[in-house]
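The values are calculated or read from the model by the stated rules, or taken from the named source; none is laboratory data. Source: prediction; values computed, not measured. When we count neighbours, we look across all protein chains shown, and the Cβ atoms used for this are built from the backbone with ideal geometry, even at glycine.
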Amino acid sequence: MSNLPSQKDAIAAALALYPTRPFAVSDIGSQTGWLKAASHDARNLYVSGPMGLATSVALGLAAVRPNEQVLAIAGDGALAMNLTSLATIFGAKPKNLSILLVDNRVYEFTASAPTPTRDMDWLAVGRAFFGAERCMRLSDLTAERWAGVARPAMIVADIAPAPNKPPALGMTPAMIRAAFLEASKA
Amino acid sequence: MAQAGETLFRSIVAAKPKLVTGVPDGMLAQTIMLCTASPDFPYIACAREEECIGVASGAAMAGERAVVMVQNAGLLNSLGAFATMGLRYGLPFVVIVTNRGALADPNGYDIEKREAFDAGVRPMARVFDFDASHLPDDLIPAAFKWAEAARKPVILALEKRLGAEAAA
């Protein structure tokens, strides 16, 4: 048995760092399924677009809701597909956006095939973009410490591969959009 | 083209978007610089065009107006995002595309981009075509009105046309 947390528990722990519920924008498949299982909420935006786009969608949301905290949730396979979004976020400097990177070193929805980044140091990658003071491991964070971290910021969570996929989302795009539109009204 | 860039910028401002995002193309450079300096909305400079579709989708999911500015090759790189975000969720954002490789714009490296745009983009999305040097003042407000009525993104393809610069 691995000592690493599950993806569901890591997402729940990251959300618990915030004093009030942030908007959570999850990548397609694994992150969306586990976000729903961990903490279904109207402020969740379940993205069904291309893998890795959650960080970009979250940046757009953060720009139009500057007084709200936004947490993008990306897998290691997903973020590797949109690594340039870290450069864009660094340049845009949103004061309300953070990224939770959940690293299980496999494509969970694709027969758990290994990711090309499985030996990569994601903490070093995040720190290269945002600096050591804005990129840290989930296991080193407390709510008090997280409250003092300037944004944009990144949390790296090493997680255990799940034996099974998360439960199905059970929501159509129209349902997702309508619920989120209501929850994100200015 | 400088005047057209200002016209496009004014039209964007008139539509009151909550954000504008893009990746530069020579035909869009002046408008992008004006957007970057604008106090009316943030301009988010993306490293890659597919990100722009994601950024616009994030704004549109919250019910806000967003404008994307990219070249045709960049939109071609972004069709998966355009389809699975813009079309799947019915998001009414406006995409301004410079459709390079026109008869009056014959750079060899642009020709195939234009042919791929015609073959790949037009069958899946509504594209309205315009002479880049003669843009209507109400272009972007009208585009949002159309997209919001249609409940899907709209593409405005701007191109160089023969004789247009002299006429301008």
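At-a-glance table
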read-out: Residue within region B:141-154 that is closer than 22 Å to residue B:32 by Cβ and without any contact (Cβ under 8 Å) to a residue 12 or more places away in the chain present; value: yes
read-out: Residue within region B:41-51 that is assigned to a helix (DSSP H, G or I) and more than 9 Å from every other protein chain (Cβ to nearest Cβ) present; value: yes
read-out: The one condition in (1) of a type in the set (Ser, Thr, Tyr); (2) assigned to a loop (DSSP other than H, G, I, E, B); (3) surrounded by 24 or more Cβ atoms within 10 Å (Cβ to Cβ) that residue A:2 fails to fulfil; value: (3)
read-out: Filtered residue count, region A:30-52, keeping only those that are away from chain B (no Cβ under 12 Å) and of a type in the set (Gly, Ala, Ser); value: 6
read-out: In region B:69-86, the residues that are of a type in the set (Gly, Ala, Ser) and in a helix (DSSP H, G or I); value: B:73, B:74, B:80, B:81, B:83, B:86
read-out: Matching residues in region B:52-96 - criterion: being more than 22 Å from residue B:142 (Cβ to Cβ), facing another protein chain (nearest Cβ under 7 Å) and among the aliphatic types (A, V, I, L, M); value: B:55, B:61, B:62, B:81, B:85
read-out: Residue identified as within 14 Å of another protein chain (Cβ to nearest Cβ) and at pLDDT below 95 among A:168, A:186; value: A:186
read-out: Those residues of region A:45-64 which are over 17 Å from residue B:20 (Cα atoms), touching an Asp or Glu at 6+ places or on another chain (Cβ under 9 Å) and among the hydrophobic types (A, V, I, L, M, F, W, C), in sequence order; value: A:47, A:51, A:53, A:54
read-out: Residues of region B:1-40 that turn out to be in contact with a helix residue (DSSP H, G or I) (Cβ under 8 Å, 6 or more places away or on another chain), farther than 20 Å from residue B:65 by Cα and among the polar types (S, T, N, Q), as a count; value: 1
read-out: Search result, residues across region B:34-55 that are buried (at least 24 other Cβ atoms within 10 Å of the Cβ) and either over 15 Å from residue A:48 (Cα atoms) or in contact with a Lys or Arg (Cβ under 9 Å, 6 or more places away or on another chain) (or both); value: B:35, B:44, B:46, B:49, B:52
read-out: Hits in region A:53-86 (condition: more than 9 Å from chain B (Cβ to nearest Cβ), in contact with a Gly (Cβ under 8 Å, 6 or more places away or on another chain) and closer than 23 Å to residue A:175 by Cα); value: A:74
read-out: Only listed residue being closer than 18 Å to residue B:41 by Cβ, over 16 Å from the mean Cα position of the chain (by Cα), surrounded by 24 or more Cβ atoms within 10 Å (Cβ to Cβ) and at pLDDT 95 or above, chosen from B:69, B:85, B:61; value: B:61
read-out: Residues that are part of a loop (DSSP other than H, G, I, E, B), touching a helix residue (DSSP H, G or I) at 6+ places or on another chain (Cβ under 9 Å) and surrounded by 12 or more Cβ atoms within 10 Å (Cβ to Cβ), drawn from region A:122-174; value: A:141, A:149, A:151, A:152, A:159, A:160, A:161, A:162, A:165, A:166, A:169, A:171
read-out: Condition check for residue B:92: at pLDDT below 95, farther than 23 Å from residue A:69 by Cα and not in a helix (DSSP H, G or I); value: no
